[in-house]
Amino acid sequence: MEIGEVSPPARRRRRGVLIGLVVALVAAAAAVPGLIVLTGDDGPAAAAPSPSPPVSTSPTASALVSPKPGAPADVRFAWARAKITETLAAQSAALRAGDLAAFVAPASDRKVRAELERRFRSLRAMRVTGFELALDSGPFNEKQVKGVSEWGASVAVRHCFAVPRCATESVLVNTVWRDSPGGYRLTKVGTVADDDRGPHPWEVDTLTAAVGERAIVATTKAYAARARAFLPAAERAAKIADKFVLGDRPDRYIIYLAGPKEWKRWFGGVSADWAVGFALPVTENRSDIVLRVEEIDGGFAERVMKHEMGHVATLAGRDYRDINGENWWLTEGIAEYIEWEGRRRDAYDRQAAVRRLVSQATYYGELEKSVPRDDDPDWKVEAYYGVGFYATRCIADHYGEAKLLEFADMVLRGGRPSGAESGPILGIEWDALQKRCLRYTKDAVL
């Protein structure tokens, strides 16, 4: 859920943010959101599985007998379901206990073992809690391989991070299992599918992590020192973002530091060369952040994290869609407001770009039309971010921060039009509010 920003004048790069459960790029160079095409490790096709024989119960494997050759389909299905369920339960317990050998035991070969080991090490590094692997659907699509049954299955990976007693989030991965004398073995384990915003970093890279009270900064071994260095800034940024949470407070803000390869792979990657960071919904209730580690450092890193955490704080847990960009000003404006929290209005670093825009006779302060287009020059993109900032600060200064958050909650999370909520919440009609905030903006920059 979320959007982008321009870096300080010395480094003209913008942040991009992904918005919506139908993931659309609504970033600094896009007026109309375009769909991000995500890529992931191809798992077995589960979109149209062959029908599974109906069963009314799920007996444990110990209550069943291994099917004889020629056994009916429902017998083979019940056996496969029980054995896979039993194996997943053992793996869940193994990861929670830190038992790598037991976790990778179901792997059928070195490749699958490596896939499982990578997940084990990464999730443990990020202090995964509430971990459970569970059969979500299947088994399905049975076929015979060298005389034994092989099945596909969709597996739910339930997890959260750092908090011992937590409401777990769930992602789905496709797997393939084969019967063997030693039990059911994994022959393939996929990643979170592209249309579910996969793959997650912990699926495709071995991660290390720095874990704080409110943030987790995870990355590959090459950038481990950067993760540790970024954590204090992430903790400070999180404390600011926490003040503006509109839904449930995140257990932790998850920040991934991506190198060049990871940037193009994690969560499907971002092809835009200008982007230095993004946030996106990765489960029904959680949004994560990815930063382009080679493009940010020092104080700028903290600013980027405040901005992106601002999106997480205000948008996570909602099916937010802004197809025509009419809420772009508020989505970005409130993230800018959070980033600039506690700093003087006259120190805002986009003043020059905003001054150039509002000085034009063709600009009338219509907020829902203040959206960057693909062909806009950098200064104009920067100006639209600034317009959003000044408009949200205008609302906070005139009506109070609590009213700003109530308005943002109804518009961004409740899906209500700005024009329908300005009167009931702020006590001023929408057209009059836009004119007031245009005067406020001009007073700030002219």
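Each value in this text was obtained by applying a stated rule to the coordinates, not by laboratory testing. What you are looking at is a predicted structure, and each value in this text was computed from that prediction instead of being measured. Glycine also receives a Cβ, built like all others from the backbone with ideal geometry; neighbour counts cover every protein chain displayed.
A few notes on this one:
- Neighbours of Ser422 by Cβ distance under 14 Å: Lys/Arg scored +1, Asp/Glu scored -1, total -4.
- Using the Cβ of Cys160 as centre and a radius below 15 Å, the other residues enclosed give a net charge of +3, where K and R count +1 and D and E count -1.
- Taking each of Lys221/Lys261; Lys369/Lys435; Lys403/Lys435; Lys239/Lys435; Lys83/Lys146; Lys221/Lys264 in turn, the alpha-carbon distance tops 22 angstrom for Lys239/Lys435.
- Note that segment 226-277 shows a convex hull volume over its alpha carbon atoms of 119 Å³ per residue.
- Cα-based equivalent ellipsoid, segment 324-446: semi-axes from gyration tensor eigenvalues, Å: 21, 16, 14
- Formal net charge of residues neighbouring Ala233 (Cβ-Cβ distance under 14 Å; K, R +1; D, E -1): +1
- Overall form of segment 246-346 per C-alpha gyration tensor (a/c, 1.5; a/b vs b/c): rounded
- Rounded, prolate or oblate (a/c below 1.5 giving rounded, otherwise prolate when a/b exceeds b/c) for segment 174-246 by Cα gyration tensor: prolate
- Stokes-Einstein diffusion coefficient of segment 61-190, Kirkwood radius over Cα pairs, 10 °C, 1.306 mPa s, in µm²/s: 105 µm²/s
- Residue by residue, segment 426-431 carries 3J(HN,Hα) couplings of 9, x, 9, 5, 4, 4 Hz when phi is fed to the Karplus relation 6.51 cos²θ - 1.76 cosθ + 1.60 (θ = phi - 60°); x denotes Gly or Pro.
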